[in-house]
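**Student:** Quick one: structure below, then a few questions.
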């Protein structure tokens with residue numbers, strides 16, 4: 001990160017909820033490209049400057065007051081610049097999060113316009129820095145609920161057919177299970193379930209499980225856990241297997257995942 005950029009971080013971990021709060025300042029325009037996407041869902045509130053996100057054939061432009069949702073594992077390029085007539089600074093909040101029972105893959109990269117309540121972000125950042133975990137969690141859920149209520153789900157209407165399998169995978173990340181076990185959860189034959197799952201999710205059930213395990217590993221890395229501890233917590237066969245899985249699914253080494261990128 002360039003010397004003139006300042007990123008301050010607040011970290012909170014409560015039960016099944018993980019979220020990290022950043023406040024980012026920059027005095028120059030910059031571009032960030034991620035070819036694999038980041039393994040943790042995030043949203044950002046732009047305070048000063050402009051931002052533009054290009055993903056696939058789509059493009060989203062944000063101005064101060066807009067909140068943008070970025071799902072995990074979505075490749076994109078973001079362009080950030082100041083507005084000299086207003087301020088030379090680029091400033092935004094970023095919250096990375098993982099919540100049980102919220103499927104981040106069910107939503108595309110999108111923006112929520114005119115989320116003007118900067119004060120609630122300021123309050124979350126301040127309170128989380130004071131280690132007041134329960135107060136911070138309450139504020140975070142207020143922000144999350146406002147965001148979730150306004151997000152538009154993907155247009156895939158058949159996703160509900162495999163939802164029991166998605167829930168089962170999320171609840172059993174550290175256990176071994178078969179495609180047949182997942183098919184049984186959805187009351188489908190194994191072959192029909194596998195085809196339906198791959199068509200809907202764009203990957204196999206095991207690849208999806210590894211995606212979620214990588215997402216969880218990234219969260220633990222950001223919270224200061226060692227590779228050895230994460231390997232034990234997520235039931236990887238070895239640390240080298242964990243490292244290779246992170247590299248495969250994110251295109252980055254474990255140490256790279258500790259940097260702020262948006």
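**Student:** How long are the semi-axes of the equivalent ellipsoid of the chain, taking √(5λ) for every eigenvalue λ of the Cα gyration tensor, in whole Å from largest down?
**Tutor:** Equivalent-ellipsoid dimensions as semi-axes: 32, 21, 18 Å.
**Student:** Right, another one. Helix 205-222 versus the longest principal axis of the chain: what angle, 0 to 90°, nearest 10, using Cα atoms?
**Tutor:** 40
**Student:** Based on the alpha carbons, how large is the Rg to Rh ratio for the stretch 73-228 when Rh follows Kirkwood?
**Tutor:** 1.03
**Student:** To continue, here is another question. P(r) tail for the stretch 139-190, what percent of Cα pairs lie past 17 Å?
**Tutor:** It works out to 55 percent of all Cα pairs.
**Student:** Using alpha-carbon positions, what is the distance between the centroids of the stretch 47-74 and the stretch 194-216, in Å?
**Tutor:** The stretch 47-74 and the stretch 194-216 have Cα centres spaced 25 Å from each other.
**Student:** Then there is this: What is the spin-label model distance, in nm, from residue 163 to residue 59 if the labels are put 7 Å beyond Cα along the C-beta direction?
**Tutor:** Here the modelled spin labels are 3.6 nm apart.
**Student:** Something else: Quote the Stokes-Einstein diffusion coefficient, in whole µm² s⁻¹, for the stretch 159-258, based on the Kirkwood radius over alpha carbon pairs, a temperature of 4 °C and a viscosity of 1.567 mPa s.
**Tutor:** D = 91 µm²/s.
**Student:** A follow-up question, please. Just 194, 76, 249 to compare: in a GNM of the chain, with alpha carbon springs under 10 Å, which one fluctuates most?
**Tutor:** Among 194, 76, 249, the largest mean-square fluctuation in the Gaussian network model of the chain belongs to 194.
**Student:** Which residue, 30, 192, 223, tops the fluctuation ranking in a GNM of the chain built on C-alpha contacts under 10 Å?
**Tutor:** Maximum fluctuation in the GNM of the chain, among the listed residues, is at 192.
**Student:** Compute the long axis of helix 133-150 from its Cα atoms, compare it with the longest principal axis of the Cα atoms of the chain, and write down the angle in degrees, 0 to 90, nearest 10.
**Tutor:** On a 0 to 90 degree scale, this one is about 80.
**Student:** Here's another thing I want to ask about it. Can you give the FRET efficiency for residue 30 and residue 133, using 1/(1 + (r/R0)^6), R0 = 41 Å, r = Cβ-Cβ distance, to the nearest 0.05?
**Tutor:** 0.80
**Student:** Can you give me the relative contact order of the chain as a percent, contacts being Cα pairs under 8 Å and 6 or more apart?
**Tutor:** Dividing the mean separation by the residue count of the chain yields 18 percent.
**Student:** Could you grab the relative contact order for the stretch 111-221? Cα pairs under 8 Å, six or more apart, rounded to a whole percent.
**Tutor:** 18
**Student:** To continue, here is another question. Run the numbers on the stretch 6-150 and let me know its relative contact order in percent, using alpha-carbon pairs under 8 Å that are six or more apart.
**Tutor:** 29
**Student:** Which of 222, 116, 23 moves the most in a Gaussian network model of the chain with Cα springs under 10 Å?
**Tutor:** 116
**Student:** May I ask for the angle, rounded to the nearest 10°, between helix 239-250 and the longest principal axis of the chain, with both axes built from Cα atoms and the value confined to 0 to 90°?
**Tutor:** The helix 239-250 is inclined about 70 degrees to the chain.
**Student:** Under the rule a/c < 1.5 gives rounded, and otherwise a/b versus b/c splits prolate from oblate, where does the stretch 29-123 land using the Cα gyration tensor?
**Tutor:** Taking the square roots of the gyration eigenvalues as a ≥ b ≥ c, the stretch 29-123 is oblate.
Any read-out appearing in this document is the output of simple, stated calculations on the displayed coordinates, not a laboratory observation. Please read all numbers here as calculations on a predicted model, not as lab measurements. All Cβ positions, even for glycine, are placed from backbone atoms using ideal geometry, and neighbour counts span all protein chains on display.
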